[in-house]
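In what follows, a structure is listed as structure tokens, so that the remarks can point back to it.
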Amino acid sequence: MKDLWTIQDWKQAYASESIQLEDLKAYAASITNDDHAWIEIANEAQLQAQFDALAEKSPADLPLYGIPFAVKDNIDVAGFHTTAACKEAAYLANTDATVIAKLKAAGAIVLGKTNLDQFATGLVGVRSPYGAVKNSFNPEYISGGSSSGSSVAVAKGIVPFSLGTDTAGSGRVPAGHNNIVGLKPTKGWFSTAGLIPACRTIDVISIFALTADDAWQAAQVMQGYDAADEYSREHPANVPTQFSKGKIAIPAQLEFYGDAETEKAFATAVERVKNLGYSVEAIDFTVFNQLASALYNKSWVAERTSAVEKMVKREQSHPVIQQIIAQADQFSAVDAMQAEYERADLARKINIELDAFDALMVPTSPTIYRIADVEADPIAKNSHMGAYTNFVNFADLSAIALPNAIRADGLPTGVTFIASAWMDQALANFAKIWQASGNLPLGTSQRTYELSHLICSQHSVKLAVVGAHLSGMPLNFQLTARQGTLIKAAKTSSNYKLYALKNTVPPKPALQYLPIGGHSIDVEVWDIPFALFGQIVAEVPAPLGIGNIQLADGSWVKGFICEGYGIDDATDISHFGGWRAYIKSLQATNTKFKCSGIGEIAS
């Protein structure tokens, strides 16, 4: 039926009628489980129930119509069993988790439930009675956990995206081990209602995909406040949508546990970041390591104990899980409060440290092990996987794991970019640039990434600027101070005139629309957070204002325009094609007169 398809490929196949919804029945039946990625693959009845729910809807109204996806088996899907990889805890879900309901409402189809480290406790993918999930590149190696099955299903192209969860790195480590994207959202952006918790206060549902574009498309459907989830949060409207500081941090103390291949790959990633135009600065990683160690070495482990013992008796869990949750017995309520105070202190220090940077880049994991080696040393080898992941949710940060390189031994290795809370869109936009620069295959395929337009935002306004607000111009700070980021240089449609206003400080132009005739004028399009857009509008002096401007591609954006009376004594400069060219002409004239001894003219 297919080789390896992105969401867009699936959409095109439906649009061309080369496939139908009914074809998913045979497709699901053809899935083999030699890699132990699946716990429950959808049968005909489970698929038909989903098809029936779409019967009265128009495919044109459903952004994910017919797109199959996989779900980590600690997230409820109505009509499927939820096991959390513990047979004794299994139950038939009657309702969908909130994110599942949203994806289904958008037309997506659940193809099945995937294997995981039991109760989402582990970063290796071998702690399951349903079998150790095999790496998609080499079956002797771990796939990473706990969202192991979900990552392998995407890497092999069975589904274009899947859902995992991430508490300590479970949505990132498997992405790195399988050459795919792992979007770990800001806590509270996606509802966790319908998720069996691991650590309730820091759990998030994550997304695996072949591309940042596909991960973001799923995220836009899943996102949003949910009153049923007491940890859900409203997305703020004052965050930038792109990187703007030009600086990336890396750890000064790097640990690879003797893995020269991963160390070499990370060094290459540092050079790649520099080639993309960013400065790179090594920062002290001590506080990050301190916070990371608290997850399993302090009383926080009691959250996992609480979650497991609500489902089954301790002795019914996997032997390694029993060993982990038993650690809670040594801690008191006083220890728990002290651990929270320490977490808050370290998290604050981390956020202050990262404030000067667009993001922190780390190896997604410092190394990779064979399944047999992890089973022989399950605690230590697992802890190595979390060296660069455990602190992230504790510090309330956003992150995206990205493919970095294919090592000499044929195994993939990845890097993760970590930023402040709610920087998810900025990370996703950077991820597109990163994927385009790497020329790596998508998952286990031979296809490479093709860069498309920047990701759109539901929390910002596109603003076209034509004069003193352009990059490098005197009023540009009014945009950057409001978290504005430059999207692109562009031109208006050919229906505009540009005027130089008299007696304005600093000098300003006026842009006016003409139904017929006119010129195409150079502009820049900026992304401005909704909550800060009004501050910019309030600073616009008469006769200027904010209106709608048509770009050369036919689209309309907000932009600086001028009242009719404002151009009565203004100079028509349309023939220059833009403000920069006009200013340059003034500077050239000024230089000419200075050189001839006549003196300077004001501009």
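Of all residues in the stretch 405-423, those satisfying the criterion of being more than 30 Å from Arg348 (Cβ to Cβ) and of a type outside the set (D, E, K, R) are Ala405, Ile406, Ala408, Gly410, Leu411, Pro412, Thr413. Scanning the stretch 391-405 for residues that are of a type in the set (Gly, Ala, Ser) and within 17 Å of Pro366 (Cβ to Cβ), we see that the one that is surrounded by the most Cβ atoms within 10 Å (Cβ to Cβ) is Ala401.
Scanning the stretch 245-282 for residues that are in contact with a helix residue (DSSP H, G or I) (Cβ under 7 Å, 6 or more places away or on another chain) and closer than 30 Å to Val461 by Cβ gives Ile248, Ala249, Leu276. Counting only helices (runs of 4 or more DSSP H) that sit completely within the stretch 228-316, those holding 2 or more residues that are open to solvent by 30 Å² or more (accessible area, probe 1.4 Å), at pLDDT 95 or above and farther than 26 Å from Asp203 by Cβ correspond to 260-275.
Of everything in the stretch 56-84, what is under 30 Å from Ser317 (Cα atoms), among the acidic types (Asp, Glu) and either touching a helix residue (DSSP H, G or I) at 6+ places or on another chain (Cβ under 6 Å) or open to solvent by 10 Å² or more (accessible area, probe 1.4 Å) (or both)? Give them in sequence order. Within the stretch 56-84, just Asp76 meets the criteria. The set of residues in the stretch 317-327 that are part of a helix (DSSP H, G or I) and either surrounded by fewer than 18 Cβ atoms within 10 Å (Cβ to Cβ) or touching a Cys at 6+ places or on another chain (Cβ under 8 Å) (or both) comprises Pro319, Gln322, Gln323, Ala326, Gln327. Report, by residue number, each residue of the stretch 476-509 that is in a loop (DSSP other than H, G, I, E, B), of a type in the set (Ser, Thr, Tyr) and modelled with pLDDT under 95. Listed by number, the list holds a single entry, Thr504. Here is a check on your reading of the model: is Lys381 on the phi < 0 side of the Ramachandran plot, among the basic types (Lys, Arg) and open to solvent by less than 10 Å² (accessible area, probe 1.4 Å)? No: the conditions fail for Lys381. Taking the criterion of being surrounded by 16 or more Cβ atoms within 10 Å (Cβ to Cβ) and under 15 Å from Val154 (Cβ atoms), the residues of the stretch 432-446 that qualify are Gln435, Leu440, Pro441, Leu442, Gly443, Thr444.
The residue that is surrounded by the most Cβ atoms within 10 Å (Cβ to Cβ), counting only those in the stretch 542-575 that are touching a Ser or Thr at 6+ places or on another chain (Cβ under 8 Å) and of a type outside the set (Val, Ile, Thr), is Leu551. Which residue pairs have Cβ atoms under 6 Å apart, sit 6 or more places apart or on different chains, and have a first residue in the stretch 529-549 that is under 14 Å from Gly467 (Cβ atoms) and touching a residue at least 24 places away in the same chain (Cβ under 8 Å) and a second that is crowded, with 18+ Cβ neighbours inside 10 Å and aromatic (Phe, Trp, Tyr)? These pairs meet every condition: Leu544/Phe560. The stretch 387-475 holds strands (runs of 3 or more DSSP E) entirely within its bounds, and those carrying 1 or more residues that are charged (D, E, K, R) and either touching a helix residue (DSSP H, G or I) at 6+ places or on another chain (Cβ under 7 Å) or in contact (Cβ under 8 Å) with a residue 40 or more places away in the chain (or both) map to 460-465.
The values are calculated or read from the model by the stated rules, or taken from the named source; none is laboratory data. Everything numeric in this text was worked out from a predicted model, so none of it was measured. Reconstructed Cβ throughout: ideal geometry from the backbone, glycine too, with neighbour counts over all protein chains shown. Just the protein is used for accessible areas: all its heavy atoms, side chains included, with ligands, DNA and RNA removed. Shrake-Rupley method; radii C 1.70, N 1.55, O 1.52, S 1.80 Å.
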